[in-house]
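One structure is given below, encoded as structure tokens.
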Amino acid sequence: MSQEDFRGLFPALRSTVWLDTPGAPPGAEPVTAALYEALSAWSTGEFDWRAWDSAAADARILFARLVRADPATVSTLGSLAEAAATVAGSLPPGRIVVAAEEFRSNLFPWLARHDVVTVPPRDGATRVEDLMDALDERTVLLAVSEVTSGEGQRLDLPALRAATDRVGARLFVNLTQSLGALRFDAATVRPDYLAVHGYKWLLCPRGAAWLATRPDRLDELTPLAPNWKSTSPPHGYFGGPMRLAGDAGRCDASPAWFSWLGARAALRLLGSLDAGRVERHCLGLARQLTEEARSIGLRRVADGPLSQIVVLRTDHADRISARLRERGVRATALGDRVRFGLHYFNSEDDVLATLRVLRSSGASGG
């Protein structure tokens, strides 16, 4: 599918320059159509809940294909925090290393169960070398996000994989702010655990998330909340005993049907795209925005590798964000910075429109 055809699937883009996908994207027509169909069937009573229930299983297969994993290693959950908490409850005793400014859904689950070493930012950004220096023989797991939500930098996952291997630690990778826009090299990174909440770059409704566990870690994986989905199919409803599934399905959450109907449609849509073309497009727009913003005094908060999220430092973030919204541009103010996200549905015209507002606002780094 061409970029122009893909863009045409988002009605919101007819009136809005949407650079707020790090918060949430607008709805794509195939996804909203699946939800409208479900609502209509629910309203008339013509629905079959068993058909709705199968959407999570279908989405598991589509997601596994996206990250090149065996579907038997993928659990279907409701959020990133649930995925992290599942892993936290499955680990042996030991220290967890995580960035101090990590998004709380990839921070609080570890703090609740383990001795956690939080690595502070340096010069306003998380540094890969600092994460690596915090690892030692007491470390059981390093939890990181490939793209940092508040900084917009793409962490060097192969380097972090090598560092965890040196001390015998596991690697938990959160792809919530990257998968769908950036390619993931599973063969090189070999994460012990990979988790994604799909409501950002995967274009899903909120409430559909995945945890992929490396096959050699499956035996230690323990359900956070065993339920009727924790057994192998066909699933029963009443009585015991509790015989958990032998694969990652034992950690499945009972699915929120509408979330998974939308997720299935979203992954089918993304599966029709060329992942390499999507990444090149997103990074090209991010590079253009970064370079042109520098000419008017706005610089990235981090000098690490570029991602599709551009975070610019400024003393006037709230004012700039409000001015952008007045001109039909959606972005997010985060304290001393403004965050922009570039997806495949964005265009060069979106970047140029944003730069015009920044220039007219007298924006500068302060």
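The values are calculated or read from the model by the stated rules, or taken from the named source; none is laboratory data. These numbers come from a predicted model, not from an experiment. For neighbour counting, all protein chains shown are included, and Cβ atoms are generated from backbone atoms with ideal geometry for every residue, glycine included. Just the protein is used for accessible areas: all its heavy atoms, side chains included, with ligands, DNA and RNA removed. Shrake-Rupley method; radii C 1.70, N 1.55, O 1.52, S 1.80 Å.
Results, tabulated for the structure shown:
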| read-out | value |
| --- | --- |
| Entirely in segment 69-170, the strands (runs of 3 or more DSSP E) that have 3 or more residues that are more than 22 Å from Leu218 (Cβ to Cβ) | 95-99, 115-119 |
| Residue within segment 341-348 that is open to solvent by less than 40 Å² (accessible area, probe 1.4 Å) and farther than 29 Å from Ala266 by Cβ present | no |
| Residue pairs meeting the criteria (Cβ under 7 Å; at least 6 apart or on separate chains; first touching a residue at least 12 places away in the same chain (Cβ under 8 Å) and charged (D, E, K, R), in segment 98-116; second assigned to a strand (DSSP E or B) and surrounded by fewer than 23 Cβ atoms within 10 Å (Cβ to Cβ)) | Asp115/Arg95 |
| Subset of segment 165-177 [farther than 17 Å from Pro92 by Cα and crowded, with 24+ Cβ neighbours inside 10 Å] | Val173, Asn174, Leu175, Thr176, Gln177 |
| Top-ranked residue in segment 195-226 [being buried (at least 24 other Cβ atoms within 10 Å of the Cβ) and of a type in the set (A, V, I, L, M); ranked as nearest to Ala143 (Cα to Cα)] | Ala195 |
| Verdict on Ala353 being touching a strand residue (DSSP E or B) at 6+ places or on another chain (Cβ under 9 Å) and touching a residue at least 24 places away in the same chain (Cβ under 8 Å) | yes |
| Any hit, segment 182-194, residues being part of a helix (DSSP H, G or I), touching a Leu at 6+ places or on another chain (Cβ under 7 Å), surrounded by fewer than 24 Cβ atoms within 10 Å (Cβ to Cβ) and aliphatic (A, V, I, L, M) | yes |
| All helices (runs of 4 or more DSSP H) inside segment 1-67 with 3 or more residues being within 15 Å of Trp260 (Cβ to Cβ) and either open to solvent by 60 Å² or more (accessible area, probe 1.4 Å) or touching a residue at least 12 places away in the same chain (Cβ under 8 Å) (or both) | 29-44, 49-67 |
| Set Asp274, Asp303: member being open to solvent by 20 Å² or more (accessible area, probe 1.4 Å), acidic (Asp, Glu), out of contact with any helix residue (DSSP H, G or I) (no Cβ under 7 Å at 6 or more places or on another chain) and without any contact (Cβ under 8 Å) to a residue 24 or more places away in the chain | Asp274 |
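Residues are listed down the side, and each one gets a yes or a no for (1) among the β-branched types (Val, Ile, Thr); (2) over 29 Å from Asp185 (Cα atoms); (3) in a helix (DSSP H, G or I):
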{"residue": "Trp260", "(1), (2), (3)": "no, no, yes"}
{"residue": "Leu267", "(1), (2), (3)": "no, no, yes"}
{"residue": "Val278", "(1), (2), (3)": "yes, no, yes"}
{"residue": "Ala286", "(1), (2), (3)": "no, no, yes"}
{"residue": "Asp315", "(1), (2), (3)": "no, yes, no"}
{"residue": "Arg339", "(1), (2), (3)": "no, no, no"}
